[in-house]
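Shown next, in structure tokens, is the structure this report addresses.
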Amino acid sequence: MAVFSSPHFDGHEQVVYCHDNASDLQAIIAIHNTSRGPSLGGCRMWPYETEEMALTDVLRLSRGMTYKSALADLPYGGGKSVILGDPDQDKNKALFEALGRFVHSLGGRYIVAEDVGTTPDDMAVIGTMTPHVAGLEGGSGDPSPATAWGIFVGMRSAIHEQLQRESFAGLRVAVQGLGNVGFELCRLLHDAGAQLSVSDLEDSTVERAVEQFNAQPVSLEAIYGLDVDVFAPCALGSILNDQTIAIMKAQVIAGSANNQLAEDRHGEALMQAGKLYAPDYLINAGGVINISYEGPSYDRDVAFAHVARIEETLTEVFHRAKSENIATSVAADRIAEERFQG
Ligand code: NAD
């Protein structure tokens, strides 16, 4: 399987294949760029159908972390790891101990955190083998409130730019997904006077939002075409595609979901449709910013003040996009690339 010639290689510094006989660990650690500092990124456990799919995933995700850390102005580079396996069936203590030893062997060039399929408990096991682990229970805690705060301040930048609005009062926002981030975002928006429409797979969560935030429940499909000011995707990726962009009435898209653009060209499509898209990896960086402050001297106010800077970075991205007549997704990439050395 080709690594250097993979279309996703993109100048990665290091790609480490890890195997441990005793636990049957199969994992790949990818370090994209450390010019700003050690690479930081989650460990994803997933039953990949092929090794190639695992490699593609880890390369794309670690590159994404370089851009994310740069735009969040963190002293970190980009890295990621994947464990090939089913998190519901294949987890055991020895597996994470083995991964911890591999992380440790990199001498701090890669700092691991949780991601899809891994938990703070798994990180605690890794932490018995290496100090190069973040997101431990008792550390900075659940990253979701910080992520929601970043979406909130980022949305403030976007509504100022696109709708010339200084306040959320009366703003109509459709929130897709009422999980850890979406529900907290609803709370912030409701407190600021916004009118909410919400959808989720779980009826009970929708009911809670109706009760607590006077939200309007809508069906899973109807959320895309609602007559609202802002669409806040907080559930799934790839929801900005040919079908949804064609029916979307919202002028602003600002939410936490990762990989919202189905394809890169959809950033351009949104621009052509006159919509302002807040690039996902910038606006949803609150959680990783919060984790970066973890440690004995963690101060929530200091961490959240850094998260609030997402607002000014987004404004910079919007202005760059306008002056160069490019999509906001492209402007964000360009600003990130100016902040790290390739
Ligand atoms: P979560 O799993 O707690 O919540 C996701 C919610 O979306 C669930 O309530 C689920 O029922 C709902 N959902 C799933 N499919 C849906 C659909 N088709 N329509 C409507 N609702 C649907 O996840 P989370 O931690 O709140 O994260 C939300 C998104 O933000 C994810 O894409 C995640 O990758 C991204 N993100 C989260 C963080 C964080 O700090 N938690 C940080 C960065 C990015």
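The values are calculated or read from the model by the stated rules, or taken from the named source; none is laboratory data. The shown structure was predicted, so the numbers you read here are calculated from the model rather than taken from an experiment. Note that each Cβ is placed from the backbone with ideal geometry, even for glycine, and that neighbours are counted across all protein chains shown. For accessibility, only protein heavy atoms count, side chains too; no ligands or nucleic acids. Shrake-Rupley method; radii C 1.70, N 1.55, O 1.52, S 1.80 Å.
Remarks
- Residue in the stretch 60-79 that is closer than 17 Å to A22 by Cβ and not in a helix (DSSP H, G or I) present: no
- Residue list for the stretch 133-159, restricted to those being open to solvent by 40 Å² or more (accessible area, probe 1.4 Å), away from the ligand (no atom under 14 Å from the Cβ) and in contact (Cβ under 8 Å) with a residue 60 or more places away in the chain: L136, R156
- Pairs where the first residue, in the stretch 115-126, is farther than 13 Å from G139 by Cβ and at pLDDT below 90 and the second is open to solvent by less than 20 Å² (accessible area, probe 1.4 Å) and within 16 Å of the ligand (Cβ to nearest atom), C-beta under 7 Å, 6+ apart: D115/G42; D115/C43
- Residue within the stretch 98-109 that is among the aliphatic types (A, V, I, L, M), away from the ligand (no atom under 16 Å from the Cβ), under 28 Å from K275 (Cβ atoms) and surrounded by 22 or more Cβ atoms within 10 Å (Cβ to Cβ) present: no
- In the stretch 175-195, the residues that are farther than 18 Å from A285 by Cα and without any contact (Cβ under 8 Å) to a residue 24 or more places away in the chain form no Cβ pair under 7 Å with any partner that is within 6 Å of the ligand (Cβ to nearest atom) and among the small types (G, A, S), whether six or more places apart or across chains.
- Complete set of residues in the stretch 25-55 that are in contact (Cβ under 8 Å) with a residue 24 or more places away in the chain, more than 26 Å from L74 (Cα to Cα) and among the polar types (S, T, N, Q): Q26
- Listed conditions (1) under 22 Å from the mean Cα position of the chain (by Cα); (2) within 16 Å of the ligand (Cβ to nearest atom); (3) surrounded by fewer than 23 Cβ atoms within 10 Å (Cβ to Cβ) are all met by D121, apart from (2).
- Every pair of residues 6+ apart whose Cβ atoms lie under 7 Å, when the first sits in the stretch 61-74 and is under 20 Å from M45 (Cα atoms) and in contact (Cβ under 8 Å) with a residue 12 or more places away in the chain while the second is among the aromatic types (F, W, Y) and surrounded by fewer than 23 Cβ atoms within 10 Å (Cβ to Cβ): G64/Y281
- Qualifying residue in the stretch 242-250 (condition: among the basic types (K, R) and open to solvent by 40 Å² or more (accessible area, probe 1.4 Å)): yes
- Taken over the stretch 193-204, the residue count meeting the criterion of being open to solvent by 30 Å² or more (accessible area, probe 1.4 Å), under 24 Å from the mean Cα position of the chain (by Cα) and more than 8 Å from the ligand (Cβ to nearest atom) is 0.
- Meets criteria (open to solvent by less than 40 Å² (accessible area, probe 1.4 Å), touching a helix residue (DSSP H, G or I) at 6+ places or on another chain (Cβ under 8 Å) and more than 27 Å from G41 (Cα to Cα)) for L178: no
- Any hit, the stretch 281-303, residues being hydrophobic (A, V, I, L, M, F, W, C), without any contact (Cβ under 8 Å) to a residue 60 or more places away in the chain and crowded, with 24+ Cβ neighbours inside 10 Å: no
- Among the residues of the stretch 45-59, just one is over 23 Å from T119 (Cβ atoms), touching a strand residue (DSSP E or B) at 6+ places or on another chain (Cβ under 9 Å) and not aliphatic (A, V, I, L, M), namely E51.
- Here L189, L171, L185, L220 are screened, and the one residue that is within 11 Å of the ligand (Cβ to nearest atom), surrounded by 17 or more Cβ atoms within 10 Å (Cβ to Cβ) and of a type in the set (A, V, I, L, M) is L185.
- Taken as a whole, the condition of being closer than 25 Å to D280 by Cα, open to solvent by 10 Å² or more (accessible area, probe 1.4 Å) and within 16 Å of the ligand (Cβ to nearest atom) does not apply to D88.
- Among the conditions (1) surrounded by 14 or more Cβ atoms within 10 Å (Cβ to Cβ); (2) more than 21 Å from the chain's Cα centre (by Cα); (3) closer than 17 Å to H190 by Cβ; (4) not β-branched (V, I, T), G255 misses just one, which is (2).
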